[in-house]
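Here the structure comes first, spelled out in structure tokens, and everything after it is commentary.
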Amino acid sequence: MTWMEISAAISTLAFIVLVAFAVRTLITAKHLLQQLRETVAQTEQHVAKAAGEAEQLLKQAGQLTEEVHLQVLALESTVQSIEKTGAAIGDVASVLRKGARMMNESLHGAEKVVHTHQKRIQDVMEWATTGHELWVRWQANRKAKSDH
């Protein structure tokens, strides 16, 4: 065998090894692409599921927001009613204060009148008591005369 034949045989052998390595690399790449395709498909399914769940959560959040809004509106009218009730109670308290002040002033006025005219009142009371005693005696005396 000559150098040429040995070189051709080695070249052929190297080419066969290179082709075998290339085929092996292509088969491995094909398997990797298949796994990548499966992973992408699974990821798409997970993303679709997550998107559906996110859509449900957004719907629920929208409903919750609407319910909260309605409750706030209801609470607002209740607060307005409470404010009106508080104002009415304040008005009643003001009227009661004025009435108590007027009553107090009237009592002080009556007290002054009684103090100023105390002697006259005592005289009137004595005359009234004396008059009553005289009337009782007269009634008793009249009854005694009618019994005889």
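A few comments on the model shown:
- The listed residue being modelled with pLDDT of 90 or more and out of contact with any Cys (no Cβ under 6 Å at 6 or more places or on another chain), out of S94, S106, S77: S94
- Selection count, segment 99-117, where residues are assigned to a helix (DSSP H, G or I) and either open to solvent by less than 90 Å² (accessible area, probe 1.4 Å) or hydroxyl-bearing (S, T, Y) (or both): 9
- Residue list for segment 1-35, filter: open to solvent by less than 100 Å² (accessible area, probe 1.4 Å) and within 60 Å of the chain's Cα centre (by Cα): Q34
The values are calculated or read from the model by the stated rules, or taken from the named source; none is laboratory data. All figures in this text were calculated on a predicted structure; none of them were measured in a lab. Counting neighbours? That spans all protein chains shown, and the Cβs are built from the backbone with ideal geometry, glycine included. Quick note on the areas: whole protein, heavy atoms, side chains included, nothing else; ligands and nucleic acids left out. Shrake-Rupley method; radii C 1.70, N 1.55, O 1.52, S 1.80 Å.
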